[in-house]
Amino acid sequence: MPRKPKLPSAADFFIGGDSVKQQGGKTVKRQKVQAFEEPEANAKAVQGSPPRTVNSGFTEKVTFYLPPNLLKTLELSRVQILLDHNLKANRSQIVQVILEEMIQNTDRIASLLEEYAEK
């Protein structure tokens, strides 16, 4: 049974520099992360008001399997949506929006699947 992927923690988003941490018995040197700079107008709007929450209707639980790098990208997108748009959504809501936009375009889905098959 595959292991659950390690999702980024708060430290992965907010700690920069050359700090060294232990990971599975290995010493890993962190990559330098540039500080996030937010425009003044957007910073005031985000700090002054709580994030808007996306409401979900009835949903059913399903299981999909994703590669760890895609799951990490999804989580980073969720955080970016919160920071840039002051909109609080969970990963399921983001995936639902993406699926609703893409699901009718079966030709595009088929061409993407063919590209993946060639890799």
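For the stretch 82-90, does any single residue satisfy the condition of being touching a Phe, Trp or Tyr at 6+ places or on another chain (Cβ under 8 Å) and either surrounded by 14 or more Cβ atoms within 10 Å (Cβ to Cβ) or more than 27 Å from PRO8 (Cα to Cα) (or both)? Let's see the steps before the verdict.
Step one: filter the stretch 82-90 for residues touching a Phe, Trp or Tyr at 6+ places or on another chain (Cβ under 8 Å), giving 83.
Cutting the leftovers down to either surrounded by 14 or more Cβ atoms within 10 Å (Cβ to Cβ) or more than 27 Å from PRO8 (Cα to Cα) (or both) gives us 83.
Yes, because at least one residue in the stretch 82-90 is touching a Phe, Trp or Tyr at 6+ places or on another chain (Cβ under 8 Å) and either surrounded by 14 or more Cβ atoms within 10 Å (Cβ to Cβ) or more than 27 Å from PRO8 (Cα to Cα) (or both).
Could you tell me how many of the residues in the stretch 34-82 are modelled with pLDDT of 85 or more, in a loop (DSSP other than H, G, I, E, B) and within 15 Å of ILE98 (Cβ to Cβ)?
We begin by selecting, within the stretch 34-82, every residue modelled with pLDDT of 85 or more; these are 50-53, 60-82.
Subsequent filtering for residues that are in a loop (DSSP other than H, G, I, E, B) retains 50-51, 60-67.
Filter once more, so that each one left must be within 15 Å of ILE98 (Cβ to Cβ): 62, 64, 66.
Residues flagged as modelled with pLDDT of 85 or more, in a loop (DSSP other than H, G, I, E, B) and within 15 Å of ILE98 (Cβ to Cβ) within the stretch 34-82 amount to 3.
The values are calculated or read from the model by the stated rules, or taken from the named source; none is laboratory data. Given the structure is predicted, the values throughout are model-derived calculations rather than measurements. Here the Cβ is made from the backbone with ideal geometry for all residues, glycine too, and neighbour counts use every protein chain on show.
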